[in-house]
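*Asks:* The structure's right below; bear with me while I get my questions together.
Values in this text are rule-based calculations from the coordinates and carry no lab data. Quick caveat: nothing in here was measured; it's all calculated off a predicted structure. FYI the Cβ positions are ideal-geometry reconstructions off the backbone, even for glycines, and counts take in every protein chain you see.
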Amino acid sequence: MKVILPFITTMRFHKVYDGGTKYVEYFSKALANQGIDVTIVTTKIKGLKVKEKKVDGVKYIFIPPDISKKRFIKLNAPYNLIFSRNLRDYLEKKDFDILHSFGMFAFSYLH
């Protein structure tokens, strides 16, 4: 089974430690420990040259935009929209069984 979890930031790479990122990280690691193919699709990180990385059995895919810079909360909507559109392009080329999306990130794909 192939599961894709899109989320704009991660604990491991973006150093964001809110409840949503913790849920994504712990949930994906638990699924990977049960032998499920898990992919987290997230945003690019400044200084990281790879487009994908595997850690603890979970594959991380990095797509634009690069939001590792400090952002203002009121200006997050453009980043979310760009991420959503790039996620749509990524998902259209992938074969998966479950898309476990948080928020509205998969809206462009589902629309």
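*Asks:* At a temperature of 25 °C and a viscosity of 0.890 mPa s, determine how fast segment 1-65 diffuses translationally according to Stokes-Einstein, using the Kirkwood radius over alpha-carbon pairs as Rh; express D in µm²/s, rounded to the nearest whole number. Could the numbers behind the result be given before it?
*Replies:* Details: Rh = 11.8 Å.
Estimated diffusion coefficient is 209 µm²/s.
*Asks:* A further question follows. In whole Hz, what ³J(HN,Hα) sequence does segment 94-111 give by Karplus (6.51, -1.76, 1.60; θ = phi - 60°), x for Gly and Pro?
*Replies:* Values per residue, Gly and Pro as x: 10, 9, 8, 9, 10, 10, 9, 9, 10, x, 9, 4, 8, 4, 4, 5, 6, 5 Hz.
*Asks:* Considering only DSSP beta bridges where both residues belong to segment 30-70, give the percentage that are antiparallel (nearest 5).
*Replies:* Details: 4 of 11 bridges.
Just about 35 percent of them are antiparallel.
*Asks:* Continuing with the same structure: Measure off 7 Å from each Cα along the Cα-to-Cβ vector at K94 and H111, then give the distance between these two points in nanometres to one decimal.
*Replies:* Going by the 7 Å Cα→Cβ label model, 2.0 nm.
*Asks:* Considering only DSSP beta bridges where both residues belong to the chain, give the percentage that are antiparallel (nearest 5). All intermediate terms of the calculation are to be shown ahead of the outcome.
*Replies:* Numbers: 4 of 18 bridges.
Here the share of antiparallel DSSP bridges comes out near 20 percent.
*Asks:* Still on this structure, I have one more. As an exercise, take the mean of 1/r over every pair of distinct alpha carbons in the chain, invert it, and state the Kirkwood radius in angstroms.
*Replies:* 14.1 Å
*Asks:* Towards the positive end of the charge dipole of the chain, with charges on Cβ (+1 Lys, Arg; -1 Asp, Glu), say which of H111, I82, A30 has the farthest Cα.
*Replies:* Sorting the options by dipole projection puts first I82.
*Asks:* Go ahead and run the numbers for FRET between N76 and L48, Cβ-Cβ distance against an R0 of 25 Å, rounding to 0.05. Could the numbers behind the result be given before it?
*Replies:* Values: r = 21 Å, r/R0 = 0.84.
That pair, N76 with L48, gives E of 0.75.
*Asks:* Continuing with this model, one more query. Given charges of +1 on the Cβ of Lys and Arg and -1 on the Cβ of Asp and Glu, with all other atoms neutral, how large is the dipole of the chain about its Cα centre, in debye to the nearest 20?
*Replies:* Details: 20 positive and 10 negative charges, 121 e Å.
Approximately 580 debye in magnitude.
*Asks:* What is the distance, in nm, between label points placed 7 Å from the Cα along the Cα-to-Cβ direction at K15 and at A30?
*Replies:* According to this spin-label approximation, the distance is 2.8 nm.
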